[in-house]
Amino acid sequence: MTKINLLPRGILLFGTTVLLSGCVAAAAPLIPLFTAATVGLTGFTVYKTVQSANGGSIGIAFPSVDGKESPPAPIPKGRRAAIWPGDPVEVYFAQKLEASGGFDVTPPSRVSAVLQGAKITSDIEQLTKAERVAAFKAVCRASNVNLVFARQKLGSSFDAGFFKLSRSNTTNKNNLMGFSCAQGSVVWREQMAIIVEDLGPKSPAADEVNKAAGEGWAERVINAPKM
């Protein structure tokens, strides 16, 4: 409801008239989700928006301070980075990170083989905090890297957008982690929100979402100041 108060008065009155008269929802103009700098997600600001082939949008958001995107957290120096396996998001992340020229990347496929050999699950949700540290250390030793990057999914939420006169959207939150092999602990943490905005009944293709998320994550790492 807070977003309605931010709409221009004429739009709010028009939308109210439509609801009272029983006209079809298509008569009311839909407000694109990403017209405002801050998404309807407390503490996050859209970093980039990618238009999908079917007309929908994919927004990548990072934490905000006073309505503005906060700068990336500092990251330890080191070129050699291993990427914890997950889904295609990690693959796009690895590709973008390596293409930047600032990192020598051990891709998720090779890390997956290391974990299988050590009989460690790649499902980070199944590991306790102590098991996670031990697993990261095992990857450090086997891959001879300085850093291990991993992503933890925090769940998703859906907003139909009807009462805000905006398009429906799904938000997926993620914890991003950077493990320092030298320090033996997670020393870089960020949160990332992936907001998928539909156009009518059509949603952006999964591969478009994965690519936007992976590349947005990589750009956050690339732009992070070095400790």
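The values are calculated or read from the model by the stated rules, or taken from the named source; none is laboratory data. Please read all numbers here as calculations on a predicted model, not as lab measurements. Cβ atoms come from the backbone with ideal geometry, glycine included; neighbour counts cover every protein chain shown. Areas reflect the complete protein model, heavy atoms only, side chains present, ligands, DNA and RNA absent. Shrake-Rupley method; radii C 1.70, N 1.55, O 1.52, S 1.80 Å.
Annotations
- Net charge contributed by nearby residues that have their C-beta within less than 14 Å of Q152 (K/R +1, D/E -1): 0
- Protection proxy ranking, peptides 146-154, 185-193, 117-125, average beta carbon neighbours within 10 Å, highest first: 146-154, 185-193, 117-125
- Integer Hz, Karplus 6.51/-1.76/1.60 couplings in order for the stretch 130-139, x for Gly and Pro: 5, 5, 5, 4, 4, 5, 4, 5, 5, 5
- Among the protein heavy atoms, those of S180 account for about 10 Å² of accessible surface (1.4 Å probe, every chain in place).
- For the stretch 61-136, the carbon plus sulfur part of the accessible surface works out to 53%, probe radius 1.4 Å.
- What you get for the stretch 44-143, charging only the Cβ of Lys and Arg (+1) and of Asp and Glu (-1), is a dipole of about 420 debye around the Cα centre.
- 3J(HN,Hα) from dihedral phi, the stretch 89-99, Karplus parametrisation 6.51/-1.76/1.60, rounded to Hz, x for glycine, proline: 4, 5, 5, 5, 4, 4, 4, 5, 5, 5, 5
- Excluding same-chain neighbours fewer than eight residues apart, the lysines reachable from K173 by a Cα-Cα span under 27 Å are K3, K48, K68, K77, K96, K129, K137, K153, K164, K202, K211, K226.
- Residue-span extension gain [D66 to R189] - 0.36 nm each, minus C-alpha spacing: 42.3 nm
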